[in-house]
């Protein structure tokens with residue numbers, strides 16, 4: 001019987017081949033795809049994200065772990081796509097890293113966990129200007145917008161995006177959340193964000209609460 005704790009550990013260590021093998025084995029045992037995703041892959045990557053946050057792991061180790069997670073996700077993706085076709089998404093999230101910032105590890109973890117929670121995620125990538133966020137929100141009818149920054153020098157651009165989104169009358173319903181290592185709740189409130197996500201699990205919980213609030 002597949003042990004999810006073992007998948008978590010192998011993912012943490014970046015053993016892509018074993019993560020893929022055990023993911024297939026879990027499905028072969030009849031485990032639900034959502035269970036394998038959440039308890040096997042996302043739970044393991046959440047630990048990686050937490051240890052990165054506290055400098056227990058560094059970028060190279062996180063990238064290796066992310067590659068292992070992608071190996072498992074490749075096995076689950078066809079089943080997740082089929083499931084998504086049967087169940088409408090909870091909501092649509094547009095997310096990206098702000099202009100001038102090329103870091104995406106935290107953003108990618110939020111994307112993975114948000115998808116696992118049932119959101120449609122539109123990842124616009126790194127180094128994105130305000131116009132790209134606005135265009136993506138309109139194109140996909142999104143009501144959630146997430147921004148990430150890892151550099152203190154790029155944090156102020158978050159306010160630029162917020163101000164430009166707020167200036168669009170048709171985007172009044174969009175809820176905006178920010179996150180990233182140097183970002184804190186006080187800063188998020190100062191720039192007028194609707195929410196702050198200190199880590200990926202907290203961010204997804206915040207998105208779920210936004211959807212409940214309407």
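The values are calculated or read from the model by the stated rules, or taken from the named source; none is laboratory data. What you are looking at is a predicted structure, and each value in this text was computed from that prediction instead of being measured. Using ideal geometry, Cβ is built from the backbone for each residue, glycine included, and neighbour counts are taken over all protein chains shown.
Of the conditions (1) exposed (fewer than 15 other Cβ atoms within 10 Å of the Cβ); (2) under 19 Å from the mean Cα position of the chain (by Cα); (3) closer than 25 Å to residue 120 by Cα; (4) in contact (Cβ under 8 Å) with a residue 24 or more places away in the chain, residue 35 satisfies every one except a single condition; which number is it? Going through (1) exposed (fewer than 15 other Cβ atoms within 10 Å of the Cβ); (2) under 19 Å from the mean Cα position of the chain (by Cα); (3) closer than 25 Å to residue 120 by Cα; (4) in contact (Cβ under 8 Å) with a residue 24 or more places away in the chain one by one, residue 35 breaks only (4).
Apart from one condition, residue 118 fits all of (1) farther than 22 Å from residue 57 by Cβ; (2) modelled with pLDDT under 90; (3) in contact with a strand residue (DSSP E or B) (Cβ under 8 Å, 6 or more places away or on another chain); the exception is (3). Among (1) assigned to a helix (DSSP H, G or I); (2) crowded, with 18+ Cβ neighbours inside 10 Å, which single condition is residue 94 missing? Only one criterion is unmet by residue 94, namely (1).
Across the stretch 56-108, the number of residues qualifying as modelled with pLDDT of 85 or more, closer than 15 Å to residue 180 by Cβ and over 16 Å from the mean Cα position of the chain (by Cα) comes to 3.
Of all residues assigned to the stretch 196-205, none qualifies as being closer than 17 Å to residue 133 by Cα, in contact with a helix residue (DSSP H, G or I) (Cβ under 9 Å, 6 or more places away or on another chain), crowded, with 19+ Cβ neighbours inside 10 Å and in contact (Cβ under 8 Å) with a residue 12 or more places away in the chain.
Run down 76, 109 and say which single residue is surrounded by 16 or more Cβ atoms within 10 Å (Cβ to Cβ), in contact (Cβ under 8 Å) with a residue 24 or more places away in the chain and in the same structural domain as residue 19 (by TED's automatic domain parsing).
The conditions single out 76.
Could you tell me whether residue 156 is surrounded by fewer than 16 Cβ atoms within 10 Å (Cβ to Cβ), more than 30 Å from residue 41 (Cα to Cα) and not assigned by TED's automatic domain parsing to the domain that holds residue 67? So residue 156 passes the test. Applying the set (1) surrounded by fewer than 20 Cβ atoms within 10 Å (Cβ to Cβ); (2) part of a helix (DSSP H, G or I); (3) in contact with a helix residue (DSSP H, G or I) (Cβ under 9 Å, 6 or more places away or on another chain) to residue 139 leaves exactly one unmet item: (3). Residues that are buried (at least 18 other Cβ atoms within 10 Å of the Cβ) and out of contact with any helix residue (DSSP H, G or I) (no Cβ under 7 Å at 6 or more places or on another chain) within the stretch 127-136 comprise 128, 136, listed in sequence order. The number of residues in the stretch 79-91 that are in a helix (DSSP H, G or I) and exposed (fewer than 15 other Cβ atoms within 10 Å of the Cβ) comes to 5. Restricting attention to the stretch 40-67, the residues being farther than 15 Å from residue 15 by Cβ and touching a residue at least 60 places away in the same chain (Cβ under 8 Å) number 5.
Kindly evaluate residue 102 against the criterion of being over 18 Å from residue 165 (Cα atoms), touching a residue at least 12 places away in the same chain (Cβ under 8 Å), surrounded by fewer than 16 Cβ atoms within 10 Å (Cβ to Cβ) and in contact with a strand residue (DSSP E or B) (Cβ under 8 Å, 6 or more places away or on another chain). So residue 102 fits the description; yes.
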